[in-house]
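Novice: Please read through the structure below; I'll follow up with questions.
The values are calculated or read from the model by the stated rules, or taken from the named source; none is laboratory data. All of these numbers come straight from a predicted model, not from anything done at the bench. Cβ placement follows ideal geometry from the backbone for every residue including glycine, while neighbour counts extend to all protein chains displayed. These area figures cover heavy atoms from the full protein model, side chains too; ligands, DNA and RNA do not enter into them. Shrake-Rupley method; radii C 1.70, N 1.55, O 1.52, S 1.80 Å.
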Amino acid sequence: MTYILIIISAVFVNNILLSQFLGICPFLGVSKKVGTAAGMSAAVTFVMALATCVTWLLQNYVLVPLRIEFLQTVSFILVIAGLVQMVEIILKKISPSLYQALGIFLPLITTNCAVLGVALMVVQKQFTFGGESITLNLGQSVVFAVASALGFGLAIVLFAGIREQLELSKVPKSFQGIPIALITAGIMAMAFMGFSGIV
């Protein structure tokens, strides 16, 4: 039951983009086409799950026993940067078209605050489900990371679909481009607020 609550909470209630406002750079930058947004969300899902697993192990088996928790942020950033380089190499070999479509935004996963934010959340935060406060174990942490990435993907793909439709609409000149995108993002965030109170 805890895993279901974690998934619902991460995808809908506390969506990493629309509730926590982490990962806004790729949200606005890669969301012009649904295909690119889906590719970015897949890359973020892979990196976020792997990074959370590695950083959880690093935190609990290296940093805490050695009492060097103050190196947490720096070491997490280094782990994430290494994982992103690995994903970049794999994408270049497996899917050159997706690699070209993501362009500059693939290296930006390194500095994507959503990936670092989730990695830090699972080791620092107490989660409350049904009135019970828990610290996540490794399995729950990975489920939370994947669910957060799925929430990220859901938000960015929905947003890309809306932006594609807006390209075909008659938008007033003063609202074209980023202004209408920000208004749309705000409306989406309010729509996701309707899920609050479920978990």
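Novice: Which of the residues that make up the stretch 32-43 are modelled with pLDDT under 85 and buried (at least 19 other Cβ atoms within 10 Å of the Cβ)?
Specialist: Within the stretch 32-43, T36, G39, M40, A43 qualify.
Novice: Please go through the stretch 46-72 and pick out each residue that is out of contact with any Ser or Thr (no Cβ under 9 Å at 6 or more places or on another chain), under 22 Å from I90 (Cβ atoms) and open to solvent by 30 Å² or more (accessible area, probe 1.4 Å).
Specialist: F46, L50, V54, L57
Novice: Considering only the stretch 72-87, I want to know if a residue exists there that is at pLDDT 85 or above, of a type in the set (S, T, Y), assigned to a helix (DSSP H, G or I) and within 26 Å of I183 (Cα to Cα).
Specialist: For the stretch 72-87, residues at pLDDT 85 or above, of a type in the set (S, T, Y), assigned to a helix (DSSP H, G or I) and within 26 Å of I183 (Cα to Cα): absent.
Novice: Would you check if there is a residue in the stretch 28-37 being in contact with a Leu (Cβ under 8 Å, 6 or more places away or on another chain), in a loop (DSSP other than H, G, I, E, B) and closer than 23 Å to G161 by Cβ?
Specialist: Among the residues of the stretch 28-37, at least one is in contact with a Leu (Cβ under 8 Å, 6 or more places away or on another chain), in a loop (DSSP other than H, G, I, E, B) and closer than 23 Å to G161 by Cβ, which makes the answer yes.
Novice: Still on this structure, I have one more. Residue under question is Y3, and the condition is that it be open to solvent by 30 Å² or more (accessible area, probe 1.4 Å) and touching a Leu at 6+ places or on another chain (Cβ under 9 Å); does it hold?
Specialist: no
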